[in-house]
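K.L.:
Have a look at this one before I ask anything.
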Amino acid sequence: MSLYAIELNDAALAGVGEAGLALGDRGFEPGYAAVADGRVLFGEEALHQSRLHPRSTTNRFWSEFSDEPMSRPVGPYESSADLVHAHLERLLQAFPERPSEVLFAVPHYWTMRQLGLLLGLAEELALPVRGLVDSGVAATRCQYVDRQLLHLDAGLHDLSVTRIGQDGGASLQERQTVADVSILRLERACAGFIAERFLRATRLDPLHDAHNEQFLYDSLYAWLDELNRQDEIGVTIDFGGNEFRTTIRRDELAQRVAGALEPAVRLVRSSIGPDERVALQVTSRLAVFPGAIEALTGLPQASLYALEPAAAPIGALQRAAQFGPSGAGVGLTTKLAWDRPAVGVTEAEPTLRRAREIVEPTHLLYDGVVYRLGAAAFSIGAELAAGEFGLRLGSSLSGVSRRHCSVRLGANGVELADHSRFGTQLNGHSISGAAILQAGDVVSIGSPAIELKLVREVNMETDADGA
């Protein structure tokens, strides 16, 4: 009997058996398909043709998994389900042996109907399914003591922030997604940065020629791996019989990555209450980008843990006994017991010290008027109580409660608390009860939304210190 666990994240399809990773040296391949020279290619082969043949390349068939006909077929494949079937068969052929059973760690973006389609494809492939498990739950194998747990992962087309329960095991609680951050966007940010360096140093724009662009993307992860080991690397491109060379500094690329990750950082911040201590569990798909870890370690009250590659299928395989036998009826598993010792919190203290260095706001700005913030609660709503300090918006605004939200200086910083039945947004994301604020944040309430901006007063002394 050979049991394998397969993760179906379109950024990194991965298989794991008793002997370890089952898909060659990298252990995974991307969810790409491309038509080149009359053949349909999948995975790495398709990725290596994607810049040369962009019109005949697709990378959405895993996320848009459906048996409905596509508007434009890919070779003989008329639906995304046809492509998934063919790609899955290709993955199985690449394994050292044909699995007798599989566990699927499935992505957050699949619906129950898509899970049903997956089971149907597995039956067509004569592939007994032991279980389906949420990939975030599968990747979470230990409790973080005295911490709430947020799991960060990304696919080709979005990023997800999942709150994982820790009562007796890892359980799926709630999930939010950010469409503005994805593996594709992070790759594009890195490739664009490197192309700019070539253009400055040599006047060669690698993105202007399809072959140079393909070489840049083919080399990207090897260069990122080098930059995660050293501060500076030299990279070269051969073009027209000449060698073009430039230097890439990790700290400069990290700034570009941090900028691309900013919408995700905002979502995580809005998910952390002022009195919460949080463990941020980050998949290797994100951690490989220089600057990703640094962008997240500055979050208030948070400690960060980077997961091993293929953490989800490894976690599923190691807890295979928690799934029923094949053929016993397969549903989506959203809770698994721990199989590793709990993690303490002492190692998180350096992160907490860095988090306290965030720039706290001193004032709230609305409609050209600046309000000073302090220890007393600053109330915001349709009405104010007698003698209450705050912002009265009146009853004409839709979606604003009498006492909608408040801002005050608390033990952990400047706190925003939501008291409404309509909800309060921080930087475009709904907060869960409360959140810590910093200068530059935007609070939105009502429909249509009005914006309240958090700013910091600067005088000669603070300006000299770089505030």
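The values are calculated or read from the model by the stated rules, or taken from the named source; none is laboratory data. This is a predicted model, so every value here is computed, not measured. Because the Cβ atoms are built from the backbone with ideal geometry, glycine has one as well, and the counts that use them run over all protein chains shown.
K.L.:
Out of the residues in region 153-181 that are closer than 17 Å to PHE289 by Cβ and out of contact with any Ser or Thr (no Cβ under 7 Å at 6 or more places or on another chain), state the one that is surrounded by the most Cβ atoms within 10 Å (Cβ to Cβ).
P.N.:
So the residue we want is VAL181.
K.L.:
Given region 366-467, what strands (runs of 3 or more DSSP E) lie entirely inside it while holding 3 or more residues that are surrounded by 15 or more Cβ atoms within 10 Å (Cβ to Cβ)?
P.N.:
Per the criteria, 378-381, 405-410, 413-418, 434-437, 442-445, 450-455.
K.L.:
Further question on the same structure: GLU383: under 29 Å from GLN148 (Cα atoms) and either among the acidic types (Asp, Glu) or at pLDDT below 85 (or both), yes or no?
P.N.:
The answer is no for GLU383.
K.L.:
Output the residues belonging to region 35-89 that are among the small types (Gly, Ala, Ser), over 28 Å from GLY116 (Cα atoms) and buried (at least 19 other Cβ atoms within 10 Å of the Cβ).
P.N.:
SER50
K.L.:
Continuing with this model, one more query. Out of all the residues in region 143-202, which are closer than 24 Å to TYR217 by Cβ, of a type outside the set (Lys, Arg) and more than 17 Å from the chain's Cα centre (by Cα)?
P.N.:
Once the filter is applied, which keeps residues that are closer than 24 Å to TYR217 by Cβ, of a type outside the set (Lys, Arg) and more than 17 Å from the chain's Cα centre (by Cα), region 143-202 yields ALA191, GLY192, PHE193, ILE194, ALA195, GLU196, PHE198, LEU199, ALA201, THR202.
K.L.:
Is there a residue in region 142-160 that is among the β-branched types (Val, Ile, Thr) and at pLDDT 95 or above?
P.N.:
Looking through region 142-160, none of the residues is among the β-branched types (Val, Ile, Thr) and at pLDDT 95 or above.
K.L.:
For region 240-259, how many residues meet the condition of being over 26 Å from ARG203 (Cβ atoms) and either crowded, with 23+ Cβ neighbours inside 10 Å or of a type in the set (D, E, K, R) (or both)?
P.N.:
Total meeting the criteria: 0.
K.L.:
Continuing with the same structure: I'd like to know if region 7-16 contains one or more residues that are free of Cβ contacts under 8 Å to residues at least 12 places away in the same chain and either more than 23 Å from ALA139 (Cβ to Cβ) or charged (D, E, K, R) (or both).
P.N.:
no
K.L.:
Keeping to region 99-156, report how many residues are in a loop (DSSP other than H, G, I, E, B), under 19 Å from LYS335 (Cα atoms) and either in contact with an Asp or Glu (Cβ under 6 Å, 6 or more places away or on another chain) or not hydrophobic (A, V, I, L, M, F, W, C) (or both).
P.N.:
Residues flagged as in a loop (DSSP other than H, G, I, E, B), under 19 Å from LYS335 (Cα atoms) and either in contact with an Asp or Glu (Cβ under 6 Å, 6 or more places away or on another chain) or not hydrophobic (A, V, I, L, M, F, W, C) (or both) within region 99-156 amount to 8.
K.L.:
Here's another thing I want to ask about it. Can you find a residue in region 164-186 that is acidic (Asp, Glu), touching a Phe, Trp or Tyr at 6+ places or on another chain (Cβ under 9 Å) and at pLDDT below 95?
P.N.:
No, region 164-186 has no match at all.
K.L.:
Within region 118-141, identify whether any single residue is surrounded by fewer than 22 Cβ atoms within 10 Å (Cβ to Cβ), on the phi < 0 side of the Ramachandran plot and among the polar types (S, T, N, Q), and answer yes or no.
P.N.:
No, the conditions are met nowhere in region 118-141.
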